[in-house]
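Student: Here's a structure for you.
FYI, it's all coordinate maths here, none of it is from the lab. Given the structure is predicted, the values throughout are model-derived calculations rather than measurements. Here the Cβ positions follow ideal geometry from the backbone for every residue, glycine too, while neighbour counts run over all protein chains shown.
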């Protein structure tokens, strides 16, 4: 989430239907979109995505790495805690980051089309915007939290902006091919794993667990680091971030998120994300996406139980059910939110989600500040101490802070504070902040 990445789209409501809602007097002057001229469904989707992604990010904030990769390896997984994991995995894991990434792809198209229509240097502004997003992301990742996604979005955006003018069918084909590549790699490794003998499987299992810090000594070291000082955290975090942003990006992240970005471009061009299709279309997409997505995801849960949560089979094979199922369920979420926008336009729920979406970049970073203050040693130091049920309670508390704060902020200001800074840096001039009364 993240302001156009996907926090805001810098496009007018009129942009969706080919008209321009801004005054012709200012068409040749680079500047962000007026808050009153927006596509509401995109803001509501962003708000929904931002809030939902915290349900999974809370695992990354609060648990050792192996605790969110394989919940049987750390913490209790019975009763209410199993239910908390099950609900989070089935309805949240990968679904909301998928929705985020669709919106980032749509944001690239919206931004560049808007600037081109006004005769402004679209690519130059896009690269400036991406540069500042990259710098903010690097600071976020190294200084605060290794789970940052801003850097990956910025790097993908530098490359994929050049396919923004392709036709939707061609974009969809490219996106699916890119998205499929990491899956095929994991499936190939999984096939190799199940074909070797038991001794070789045990060796692979041991290597996987060691790579993810699953032995007792490594888990203790991780807990001590994040309950420790900021420098202790940095010492543990920096190598993870470096690996994720280099080898991880080249071999998996670019293809996964890049594929979803391109699919998001296609969905926007087809009018799916901007609330332009028929009600019947959205109803059908909701039913098909929900039923097929849930069938795949639940099959993956059943497979995990069938193989007794064997690490090799879970990481290499079981995850692929959720990988593809999340793509389908995210489409169902898009449809559900659009239908909600039509049924309750101007209502409290859509208004609150829209406010969160319009300040999504600020809220994304605020989630990190709040969560690290709760779990890391410079704050309350609760890292590794709370159960999965209790972690969901923390999510609700953070939501209860962010939603009313977003609404109250936008009653006085045009943009969120980070959105304002980003725009000021992108356009090279101070942007107006306060609403005119």
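Student: Please give the FRET efficiency for residue 188 paired with residue 231, using the beta carbon to beta carbon distance and R0 = 35 Å, rounded to the nearest 0.05.
Tutor: E(calc), rounded to 0.05, equals 0.30.
Student: OK, next. Neighbour counts of other C-beta atoms within 10 Å: give me 297, 219 arranged from fewest to most.
Tutor: 219, 297
Student: Given contacts defined as C-alpha pairs under 8 Å and at least six residues apart, what's the relative contact order of segment 38-427, whole-number percent?
Tutor: It comes to 32 percent, rounded to a whole number.
Student: Take every Cα-Cα distance within segment 314-437, group them into 10 Å bins from 0 onward, and report for each bin the whole-number percent of pairs it holds.
Tutor: Computed distribution, short to long bins: 11, 25, 33, 25, 6, 0.
Student: Over segment 390-437, how many percent of alpha carbon pairs lie in each 10 Å bin up to the one with the longest distance?
Tutor: 24, 35, 26, 13, 2
Student: When the label point is put 7 Å from the Cα of residue 196 along its Cα-to-beta-carbon vector, which residues of segment 292-327 have a backbone N closer than 16 Å?
Tutor: Zone members listed by number: 311-317.
Student: Taking the Cα atoms only, what angle lies between the long axis of helix 168-195 and the longest principal axis of the chain, rounded to 10 degrees?
Tutor: 10 degrees
Student: So, one more: Full-extension gain between residue 128 and residue 82, please, as 0.36 nm times their residue separation minus the C-alpha to C-alpha distance.
Tutor: Full extension of this stretch gives 12.1 nm more.
Student: Based on the inverse mean of 1/r over its pairs of different Cα atoms, what is the Kirkwood hydrodynamic radius of segment 183-290, in Å?
Tutor: 18.4 Å
Student: Please report, for the Cα atoms of segment 98-143, the Rg to one decimal and the Dmax as a whole number; what are they, in angstrom?
Tutor: My reading of the Cα-based Rg and Dmax gives 12.6, 39 Å.
Student: Now, a different point. Kirkwood Rh over alpha-carbon pairs of the chain, then Stokes-Einstein at 20 °C and 1.002 mPa s: what D in µm² s⁻¹, rounded to an integer?
Tutor: 96 µm²/s
Student: Next question, about the same structure. What ranking of 195, 265 emerges when the number of other C-beta atoms within 10 Å of each C-beta is taken as an exposure proxy, fewest first?
Tutor: With the sparsest Cβ surroundings first, the list reads 195, 265.
Student: Let me ask something else. Taking the Cα atoms only, what angle lies between the long axis of helix 348-358 and the longest principal axis of the chain, rounded to 10 degrees?
Tutor: 90 degrees
Student: Now a separate question. Would you mind telling me which residue in 319, 175, 347 has the biggest mean-square fluctuation in a Gaussian network model of the chain, where springs connect alpha carbons within a distance under 10 angstrom?
Tutor: Of 319, 175, 347, the Gaussian network model singles out 347 as fluctuating most.
Student: Then there is this: Using mean Cβ contacts within 10 Å as the protection proxy, how do 253-262, 420-429 order, highest first?
Tutor: Output ranking for 253-262, 420-429: 253-262, 420-429.
Student: Could you list 114, 231, 362 in order of exposure, starting from the residue whose Cβ has the fewest other Cβ atoms within 10 Å?
Tutor: 231, 114, 362
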